[in-house]
Amino acid sequence: MNNILEIRGLTKNFGSKNVLNDINLSIERGRITGLLGPNGAGKTTLLKLICGLIKESSGEILIDGLHPSEKTKAIVSFLPDKDYFSGSERVIDTVDFFADFYKDFNKGKAISLLQSLNIDINAKFKTLSKGMRERVQLILTMSREAALYLLDEPIGGVDPAARDYILHTIMTNYNPNAAVIISTHLINEVENILDDVIFLKHGSVLLHKSVDGIRENEGKSVDAYFREVYGNMYF
């Protein structure tokens with residue numbers, strides 16, 4: 001089976017609020033998929049469910065044939081949309097933590113990437129700019145030889161130069177036999193590296209198509225098609 005991820009009938013409620021509704025998806029190995037949708041569409045909730053950070057209300061998630069568990073955490077590399085290290089930690093402390101915690105972590109690769117950015121590995125996180133902190137966290141995420149990479153808004157809130165570096169790092173450092181899911185609303189910035197896209201709206205999947213298919217069938221870019229599909233939400 002070439003699918004690393006299978007989702008069937010997935011629903012997530014927080015109290016009386018329905019956040020995800022009957023999600024059905026299959027994600028192939030070796031593909032980079034954009035998880036697209038406006039704020040509140042359910043993108044982050046879906047990624048957290050896949051990671052096993054929260055529990056589904058109903059339905060099923062299978063990662064390499066396994067339900068989310070400690071075993072799947074060992075093959076899923078997740079980049080959240082917020083800082084997850086304290087400001088008092090040194091960069092090298094986080095590298096050592098990843099090396100101790102994840103068997104698939106390539107410490108030499110991480111240090112090499114950090115040095116290429118002239119990041120002092122003995123510096124504390126609180127001394128780094130927002131853009132540098134995000135690059136460090138991305139390097140840690142992409143230095144694992146994972147089967148599935150989940151990146152939540154990896155280019156949100158950083159300058160264009162930082163975006164270019166982040167996208168280059170994703171493209172050149174992920175395991176080619178793995179799958180990558182990138183959650184973002186900056187579609188124009190990531191479109192050129194995507195193989196497939198998923199459109200989420202109000203917790204439901206509107207479409208799951210290849211980027212080439214959209215360009216051929218709709219005669220427009222993914223960004224333009226997204227604006228067409230979602231445009232009436234804002235008027």
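The values are calculated or read from the model by the stated rules, or taken from the named source; none is laboratory data. Everything quoted here is computed from the prediction, not taken from an experiment. Don't worry about glycine lacking a Cβ; one is built from the backbone with ideal geometry, like all the others, and counts go over all protein chains shown. SASA here: full protein model, heavy atoms, side chains in, ligands and nucleic acids out. Shrake-Rupley method; radii C 1.70, N 1.55, O 1.52, S 1.80 Å.
A few points about this structure:
- Of Asp212, Asp164, Asp159, Asp195, all but one fail to be more than 17 Å from the chain's Cα centre (by Cα), within 28 Å of Ser112 (Cβ to Cβ) and among the charged types (D, E, K, R); the exception is Asp159.
- Residues that are surrounded by fewer than 16 Cβ atoms within 10 Å (Cβ to Cβ) and either of a type in the set (A, V, I, L, M) or without any contact (Cβ under 8 Å) to a residue 24 or more places away in the chain (or both), drawn from segment 1-25: Met1, Phe14, Gly15, Ser16, Lys17
- Only a single item in (1) modelled with pLDDT under 85; (2) more than 14 Å from Thr33 (Cα to Cα); (3) open to solvent by 70 Å² or more (accessible area, probe 1.4 Å) is not met by Asp120, and it is number (1).
- Here the condition is being outside any strand (DSSP E or B), touching a Ser or Thr at 6+ places or on another chain (Cβ under 7 Å) and closer than 20 Å to Glu153 by Cα; of Leu47, Leu20, it holds for Leu47 alone.
- Summed over segment 65-102, the residues that are of a type outside the set (D, E, K, R), in contact (Cβ under 8 Å) with a residue 12 or more places away in the chain, open to solvent by less than 70 Å² (accessible area, probe 1.4 Å) and farther than 17 Å from Thr169 by Cβ give a count of 12.
- Contact map, segment 189-205: first residue without any contact (Cβ under 8 Å) to a residue 12 or more places away in the chain, second residue surrounded by 19 or more Cβ atoms within 10 Å (Cβ to Cβ) and of a type in the set (D, E, K, R), Cβ cut-off under 8 Å, separation 6 or more or different chains; the map is empty.
- Across segment 144-167, the qualifying residues are those that are modelled with pLDDT of 85 or more and over 17 Å from Asp195 (Cβ atoms), and the one among them that is most open to solvent (accessible area, probe 1.4 Å) is Glu145.
- Residue that is farthest from the chain's Cα centre (by Cα) [pool: residues in segment 23-44 that are among the aliphatic types (A, V, I, L, M) and assigned to a strand (DSSP E or B)]: Ile23
- With respect to the conditions (1) more than 26 Å from Pro38 (Cα to Cα); (2) at pLDDT below 90; (3) crowded, with 19+ Cβ neighbours inside 10 Å, Pro176 falls short on a single one, namely (3).
- Check on Phe105, closer than 30 Å to Ile54 by Cβ, open to solvent by less than 50 Å² (accessible area, probe 1.4 Å), of a type in the set (Phe, Trp, Tyr) and out of contact with any Lys or Arg (no Cβ under 6 Å at 6 or more places or on another chain): no
- Qualifying residue in segment 161-180 (condition: small (Gly, Ala, Ser), under 22 Å from Ile4 (Cα atoms) and touching a residue at least 24 places away in the same chain (Cβ under 8 Å)): yes
- Segment 51-64: number of residues that are open to solvent by less than 70 Å² (accessible area, probe 1.4 Å) and in a loop (DSSP other than H, G, I, E, B): 4
- Of the numbered criteria (1) out of contact with any Phe, Trp or Tyr (no Cβ under 9 Å at 6 or more places or on another chain); (2) buried (at least 16 other Cβ atoms within 10 Å of the Cβ); (3) not aliphatic (A, V, I, L, M), the one Thr45 fails is (1).
- Check on Gly37, at pLDDT below 95, open to solvent by 10 Å² or more (accessible area, probe 1.4 Å) and on the phi > 0 side of the Ramachandran plot: no
- The set of residues from segment 183-235 being open to solvent by 10 Å² or more (accessible area, probe 1.4 Å) and hydrophobic (A, V, I, L, M, F, W, C) comprises Leu186, Ile193, Leu194, Val205, Leu206, Leu207, Ala224, Phe226, Val229, Met233, Phe235.
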